[in-house]
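The values are calculated or read from the model by the stated rules, or taken from the named source; none is laboratory data. Because the structure is predicted, anything quoted here is derived from the model rather than measured. Cβ placement follows ideal geometry from the backbone for every residue including glycine, while neighbour counts extend to all protein chains displayed.
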Amino acid sequence: METGIYQSPLSQRYASKEMQFIFSQDMKFRTWRKLWIALAETEKELGLNITQEQIDELKAHAEDINYDVAVAREKEVRHDVMSHVYAYGVQCPKAKGIIHLGATSCYVGDNTDIIVMTEALKLVRRKLINVLAELSRFADQYKDQPTLAFTHFQPAQPTTVGKRATLWMQEFLLDLEELEFTLDHMKLLGCKGTTGTQASFLELFNGDTSKVDKLDPMIAEKMGFAACYPVSGQTYSRKVDTRVLNVLAGIAASAHKMANDIRLLQHLKEVEEPFEKHQIGSSAMAYKRNPMRSERICSLADYVISDALNPAIVSSTQWFERTLDDSANKRLSVPEGFLATDGILDLCLNVVDGLVVYPKVIEKHMMAELPFMATENIMMDAVNAGGDRQELHEEIRVLSMEAGRHVKEEGLENNLLDLIAADPKFGLKKEDLLKNMDPKKYVGYAPQQTANFLKNIVQPILDANAEILGLTATINV
């Protein structure tokens, strides 16, 4: 481990090796060479004087990049693309004259950016679907477990633990829709030339516009894309980067919401994230079990959400057909947005897979509040026994305030049932009141809502993606 220079925590601590490779130099420069091969093949097929022997030579050296030659050359010419054209030509002496023929730097640079982002989105999609699979398992397991619901973080009408998990899933499903739309609409820049006019190719093909028209679609097909953007300046529109990073920001926001809920539940001691046998929660307080993974999700999510502002600013400030003030920003904001999102999803997989639920604590909290929530049922029972609804409503209001004072001011248990049983206006015994103390009476349709949601909405997605399920996440720290 090199300790004398700065190293990004995204690569050292958070992002997977798979995502790191997608944004690696190897991936970048191998893709450049694949694009040069696609260009040469297309130009040959469209009638330019390029031989199969030259194509075969290019293919023979598509993977074994001579980095030493490229690095040395870049020190001389200060141009990364031309340095790699030169290095490729050293390995391919027969083909060196036709490498990058008619193209600009953005042919390899921008098309590679699109290809890399597309591969990264596919990995994000795979992990997001696996998070949904883990949440589906959890929601199904706890769909019948009553728990206090909260509005304004104040106790409200009960729900179930599983139903609450479906709320997290609904957020992620919205993200999946956005992600799949974005993936389906990714297009290459193609080969547009210096200002997007394809002037050099019109010249190469001696003014034959039919061949110019075929150039981009043929390159796109060879690179596995349905199409290229129909018009551009020198670069593809930087709004594409904005669209992509907005997808990542959406996933980050959903993960942040879920992780925040888990942090609050861990404070209540109702649900806990995984805590390893030798894990230390605090350097000072040995007993502590801090929700550090959920906190890390929130921390990385804050970064990704704010990172989405970068390409929005960049796209709004591009002048005419091309300026270069996008370059340094793109090199940071796009890869690091993906690396951070990758880390978030790995953490989500890890946390959800190991969530611990404490039904006894949940029941204790529920029973402390349930008498208040049962007052409507109690009042109806008293009316059926001959009471006056309006009088009973006022009496329950007064007794509820007294029970609340008993809890809040004196720190005692909720004694509302005792107060009601002692009040002759109700004509109910304590055992009659206790019949209303089954939490399952108050969760409404939550268990069936959960089951329906998992069966009708989530399971078809999991079934359609069965081949990518089963991911587990390794957390470095």
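Quick notes on this one:
- Among the residues of the stretch 441-456, those identified as of a type outside the set (Gly, Ala, Ser) and surrounded by 15 or more Cβ atoms within 10 Å (Cβ to Cβ) are 441, 442, 443, 447, 449, 450, 453, 454.
- Which listed residue is without any contact (Cβ under 8 Å) to a residue 12 or more places away in the chain, in a helix (DSSP H, G or I) and touching a helix residue (DSSP H, G or I) at 6+ places or on another chain (Cβ under 9 Å), from 44, 28, 34, 59: 44
- Here residue 381 clears all of (1) modelled with pLDDT of 85 or more; (2) assigned to a helix (DSSP H, G or I) except the condition numbered (1).
- Condition check for residue 381: of a type in the set (D, E, K, R), out of contact with any strand residue (DSSP E or B) (no Cβ under 8 Å at 6 or more places or on another chain), more than 17 Å from residue 368 (Cβ to Cβ) and not assigned by TED's automatic domain parsing to the domain that holds residue 142: yes
- Number of positions in the stretch 73-97 that are among the acidic types (Asp, Glu) and under 16 Å from residue 327 (Cβ atoms): 2
- For the stretch 179-200, the criterion of being assigned to a helix (DSSP H, G or I), assigned by TED's automatic domain parsing to the domain that holds residue 264, more than 30 Å from residue 323 (Cα to Cα) and without any contact (Cβ under 8 Å) to a residue 12 or more places away in the chain is met by none of the residues.
- Condition met for residue 361 (without any contact (Cβ under 8 Å) to a residue 40 or more places away in the chain and in a helix (DSSP H, G or I)): no
- Hits in the stretch 83-104 - residues which are assigned to a helix (DSSP H, G or I) and either surrounded by 16 or more Cβ atoms within 10 Å (Cβ to Cβ) or touching a strand residue (DSSP E or B) at 6+ places or on another chain (Cβ under 9 Å) (or both): 83, 84, 85, 86, 87, 88, 89, 91, 96, 98
- Of all the numbered requirements in (1) under 25 Å from the mean Cα position of the chain (by Cα); (2) polar (S, T, N, Q); (3) modelled with pLDDT of 95 or more, residue 290 misses one, and that requirement is (3).
- Qualifying residue in the stretch 431-438 (condition: farther than 29 Å from residue 367 by Cβ and surrounded by 17 or more Cβ atoms within 10 Å (Cβ to Cβ)): no
- Condition check for residue 119: touching a residue at least 40 places away in the same chain (Cβ under 8 Å), surrounded by fewer than 20 Cβ atoms within 10 Å (Cβ to Cβ) and under 19 Å from residue 200 (Cβ atoms): no
- Single residue of 156, 165 found to be on the phi < 0 side of the Ramachandran plot and modelled with pLDDT under 95: 156
- Of all the residues in the stretch 138-178, those that are without any contact (Cβ under 8 Å) to a residue 12 or more places away in the chain and either touching a helix residue (DSSP H, G or I) at 6+ places or on another chain (Cβ under 7 Å) or among the β-branched types (Val, Ile, Thr) (or both) number 1.
- Residues satisfying the stated conditions in the stretch 303-336, i.e. farther than 27 Å from residue 79 by Cβ and either not in a loop (DSSP other than H, G, I, E, B) or not small (Gly, Ala, Ser) (or both): 303, 304, 305, 306, 307, 309, 312, 316
- Candidate set from the stretch 182-220 (those that are surrounded by 15 or more Cβ atoms within 10 Å (Cβ to Cβ) and of a type in the set (D, E, K, R)); member that is farthest from residue 249 (Cα to Cα): 211
- Some residue of the stretch 106-113 being crowded, with 20+ Cβ neighbours inside 10 Å, in contact (Cβ under 8 Å) with a residue 40 or more places away in the chain and more than 36 Å from the chain's Cα centre (by Cα): no
- Restricting the stretch 201-231 to residues that are of a type outside the set (Gly, Ala, Ser) and part of a loop (DSSP other than H, G, I, E, B), the residue that is nearest to residue 122 (Cα to Cα) is 225.
Listed here are the residues, each with its yes/no results for (1) polar (S, T, N, Q); (2) surrounded by 16 or more Cβ atoms within 10 Å (Cβ to Cβ).
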site	(1), (2)
306	yes, no
313	no, no
317	yes, no
332	no, no
342	no, yes
